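Rule-based calculations on the coordinates, nothing more; no lab input. Computed from a predicted model, the values in this text were never measured in an experiment. When we count neighbours, we look across all protein chains shown, and the Cβ atoms used for this are built from the backbone with ideal geometry, even at glycine.
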Amino acid sequence: MENLVMETPEQTVLERLEQGTAPPREGELPPTHTFEVKNMSIWYGEKRAIDNVTIDIATNAVTAIIGPSGCGKSTFLRALNRMHELTPRTRLEGTVLLSGKDLYSSNIDPAIVRRRVGMVFQKSNPFPTMTIGENVVIGLRLNGVRDRKFLNERLEKSLRMAALWDEVKDDLHKPGTSLSGGQQQRLCIARTLAVEPEVILMDEPCSALDPIATAKIEELIYELKAKYTIVTVTHNMQQAGRISDYTAFFYLGRLIEFGPTTKIFTNPSDRQTEDYITGRFG
Ligand code: ADP
Ligand code: MG
């Protein structure tokens, strides 16, 4: 009888985190939605920045968040790994499930959430006093990893995945800040990948980059979605069209429209979405 009992596939990422075990195993079907956000509202003091947002974020897909400046894109993104809590006087209502588990439940450690749900920022931010190599493995070191062989393997793997290895493999001891802007951004992506997250959040990752560096990051995002769920904020409508599977249009803290990117860009249901994507405001 015993061998009829299957290993439970329902064990969620967060349950594994609590047990200190790994992300989904190979051959295991991932859940359809990595995040299920229900009735999310967020305040900074008295000011409401996110207003009753309900959205499901698909697994192993790229979801783009678009909308005019100040509409709540960064706030929404940061709430997906509890980073907004680092800002004083924030308050969140509603629920955020990560692989079915409440991200805001009192028994979840926000530091672990931030490791599993990595974030890449608009301005690449390598640590100025660290070498290229140190910048990649800093997250592991801070988590107490000392094994040199392990660190070196993870270093190479992360840089390869970030499509940077060939460009820096002979310069690992040079400062991270010696790289070009686009390379620095890929270095930051490698740093995020090094701790093996399940999700990568990106907040306008290309807005400070030239077109060639931007194309490299876009290509990388496309490749990474085979392994990761990616949510990216972008100001650039063409970019959203090129890289994303789903697009969410935010306006004044509300989710106005959400759907497959092709639908949002060719046949939006909402007048405000249409006005925005055709450049009538924003
Ligand atoms: P976006 O990324 O779309 O430009 P944000 O999420 O940064 O928008 O901001 C949404 C709203 O919240 C804006 O009105 C902004 O002024 C406000 N806001 C953002 N950060 C803070 C903060 N730290 N304190 C107070 N208000 C903030
Ligand atoms: Mg922003």
Give all pairs with beta carbons closer than 6 Å in which a residue from segment 66-83 that is under 16 Å from F281 (Cα atoms) meets a residue that is near ligand 2 (Cβ under 10 Å from one of its atoms); count only pairs at least 6 apart in sequence or on separate chains.
G67/K73
Quick check on my filter: what residues within segment 240-250 are in contact (Cβ under 8 Å) with a residue 40 or more places away in the chain, away from ligand 2 (no atom under 14 Å from the Cβ) and not aliphatic (A, V, I, L, M)?
S244, D245, Y246, T247, F249
Given segment 57-171, what helices (runs of 4 or more DSSP H) lie entirely inside it while holding 3 or more residues that are away from ligand 1 (no atom under 16 Å from the Cβ)?
110-116, 132-142, 148-161, 165-168
Cβ pairs under 8 Å, 6+ apart or interchain, first in segment 214-232 and more than 12 Å from I200 (Cβ to Cβ), second part of a strand (DSSP E or B), ordered by first then second residue, are Y222/V62
Is it the case, given these coordinates, that Y44 is of a type in the set (F, W, Y) and either without any contact (Cβ under 8 Å) to a residue 24 or more places away in the chain or crowded, with 17+ Cβ neighbours inside 10 Å (or both)?
no
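Rundown of residues vs (1) within 30 Å of E274 (Cα to Cα); (2) within 16 Å of ligand 2 (Cβ to nearest atom); (3) under 15 Å from the mean Cα position of the chain (by Cα), yes/no style:
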{"position": "N60", "(1), (2), (3)": "yes, no, yes"}
{"position": "G67", "(1), (2), (3)": "yes, yes, no"}
{"position": "I108", "(1), (2), (3)": "no, no, no"}
{"position": "Q122", "(1), (2), (3)": "yes, yes, yes"}
{"position": "F127", "(1), (2), (3)": "no, no, no"}
{"position": "N143", "(1), (2), (3)": "no, no, no"}
{"position": "R148", "(1), (2), (3)": "no, no, no"}
{"position": "S158", "(1), (2), (3)": "no, no, no"}
{"position": "V168", "(1), (2), (3)": "no, no, no"}
Output yes when any residue across segment 230-249 is out of contact with any Gly (no Cβ under 9 Å at 6 or more places or on another chain), among the β-branched types (V, I, T), more than 19 Å from T75 (Cβ to Cβ) and buried (at least 22 other Cβ atoms within 10 Å of the Cβ), and no when none is.
yes
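From the list T54, T87, exactly one residue is within 16 Å of ligand 2 (Cβ to nearest atom), surrounded by fewer than 20 Cβ atoms within 10 Å (Cβ to Cβ) and touching a residue at least 40 places away in the same chain (Cβ under 8 Å). Which is it?
Exactly one residue qualifies, and that residue is T87.
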Among (1) at negative phi; (2) within 16 Å of ligand 2 (Cβ to nearest atom), which single condition is G72 missing?
(1)
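Just need a number here: residues in segment 40-55 that are more than 7 Å from ligand 1 (Cβ to nearest atom) and either in contact with a Phe, Trp or Tyr (Cβ under 7 Å, 6 or more places away or on another chain) or of a type in the set (K, R) (or both).
Pass one, segment 40-55, residues more than 7 Å from ligand 1 (Cβ to nearest atom): 40-43, 46, 48, 50-55.
This time we only want the ones that are either in contact with a Phe, Trp or Tyr (Cβ under 7 Å, 6 or more places away or on another chain) or of a type in the set (K, R) (or both), so: 48, 50, 53, 55.
Number satisfying all stated conditions: 4.
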